[in-house]
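For reference, the structure discussed in these notes is given below.
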Amino acid sequence: MELQRVPKGDAHIHLRGGKESYKATISSGMQLARMNGISFVFDMPNTNPPLTTVKAIDDRLKLAASEGCSNGYYIWAGVTADPNQIAEMVGLVEDPSYPVIGLKMYAGPSTGNLAIKGEKEQRDVHKELAKLGYTGPIAVHCEKESLFRMELWDPDRPQTWADARPETAEVESIKDQVRFILEFESDAHLHIPHVSTTQGIELRNKYSDRLSMSCGITPHHAAWSAEDMQGHSGLLKKCNPPLRKEATRRKLYNLLLDGKIDWIETDHAPHTVDEKLNPPYASGIRSLEIYAEFVYNLQRALMQRRLSQLVSAAGAVEQARLYALRRIEELTYYSIKSVFPKVKE
Ligand SMILES: [Zn+2]
């Protein structure tokens, strides 16, 4: 199959380094990305310390530079409920000299301590952004804690993670964000990372004429399901939001083929095996390790699907091959670039 003509980008990665160097370093993560043809990455702010202040972000940029990783390295700034902090982070996104490409809000608990769990506080963040006239991207981790059913989580049956953090928690949280943005007529671009529900994808497409919105899917949510989490080693596939039931996964994959999802983002999040197999049973998957195979299989699936629509046409194979190639380039590069003009590559 023909190789991609443009580099790839990863809009969602958890590079470690610093206090978390025992998990991985910035340079080891960047190296893995480059081996996959990825030339730029957006690092997530739930690091230790979190990237919620100018100082923490400056220190992070210095650390990346000290590891020789300034090229293609960008940051999502974490937002808190504090209006002054929000204004400061907006300033960084709007400053062309800073490689800060957008804001990240955790509207639910995940790794780190950045969650803004209350709906009122989340609403206030959107209100503040509208007041500031912010037009940049805000990625929101959408999982509503009040809908979690943690009593269903049994580490001896890792697949129960999907029951403890059900699909409805994601869907209702996305609805909240859309409602807040419309309420304040905010011009921010809402990005739903690691979408894991068909309803979430439907919402993204339903509201596309009323607000600027995108969603990304990870290789693991599209390729694996909760059924793949049987047995103790299933804990290695624990992530937030959880892998879904196989029936949902298949629908997600079809929606990806149908062009209903904006891009592929890895959410690559390394932990040690010990942290994953024992308490705290850390959430996060080394998704860059399955990325290349995933993209290759997707390209083949896109080509086959196109070919079946073109059966008798002359040059059908060539047409289908070009179509699949273009779609992959969209999903791994052009769609991301269109939302993040700051990216130079
Ligand atoms: Zn993540």
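The values are calculated or read from the model by the stated rules, or taken from the named source; none is laboratory data. Remember, it's a predicted structure, so these values are computed and weren't measured experimentally. Note that we place each Cβ from the backbone using ideal geometry, even for glycine, and neighbour counts take in every protein chain shown.
Any residue in the stretch 36-48 that is under 17 Å from Asp58 (Cα atoms) and within 15 Å of the ligand (Cβ to nearest atom) sitting within a Cβ distance under 7 Å of a residue that is part of a loop (DSSP other than H, G, I, E, B) and hydrophobic (A, V, I, L, M, F, W, C)? List the pairs, counting only those 6 or more apart or interchain. Note: pairs meeting the criteria are Asp43/Leu15; Pro45/Leu51; Pro45/Leu114; Asn46/Leu114. Selection of the stretch 318-345 for residues being surrounded by fewer than 17 Cβ atoms within 10 Å (Cβ to Cβ) and aliphatic (A, V, I, L, M) yields only Leu322. The single condition from (1) on the phi < 0 side of the Ramachandran plot; (2) touching a residue at least 40 places away in the same chain (Cβ under 8 Å) that Gly133 fails is (1).
All told, Leu236 meets the bar of being away from the ligand (no atom under 16 Å from the Cβ), aliphatic (A, V, I, L, M), under 26 Å from Asp154 (Cα atoms) and in contact with a Lys or Arg (Cβ under 8 Å, 6 or more places away or on another chain). Of the residues making up the stretch 75-90, those that are of a type in the set (Gly, Ala, Ser) and closer than 25 Å to Ile26 by Cα are Ala77, Gly78.
The requirement of being in contact with a Pro (Cβ under 9 Å, 6 or more places away or on another chain), at pLDDT 95 or above and part of a helix (DSSP H, G or I) is fulfilled somewhere in the stretch 280-289, by at least one residue.
Looking only at residues in the stretch 53-85 that are within 16 Å of the ligand (Cβ to nearest atom) and touching a helix residue (DSSP H, G or I) at 6+ places or on another chain (Cβ under 7 Å), the one that is nearest to Lys344 (Cα to Cα) is Ile75. Contact map, the stretch 183-196: first residue charged (D, E, K, R), second residue assigned to a loop (DSSP other than H, G, I, E, B) and more than 16 Å from the ligand (Cβ to nearest atom), Cβ cut-off under 9 Å, separation 6 or more or different chains; pairs are Asp187/Gly133; Asp187/Tyr134; Asp187/Thr135; Asp187/Leu211; Asp187/Ser212. Scan the stretch 131-147 for residues that are of a type in the set (A, V, I, L, M, F, W, C) and either under 23 Å from Ile75 (Cβ atoms) or surrounded by 17 or more Cβ atoms within 10 Å (Cβ to Cβ) (or both) and jot them down. Selection gives Leu132, Ile138, Ala139, Val140, Cys142. When the stretch 257-293 is limited to residues that are small (Gly, Ala, Ser) and surrounded by fewer than 18 Cβ atoms within 10 Å (Cβ to Cβ), the one that is nearest to the ligand (Cβ to nearest atom) turns out to be Ala292.
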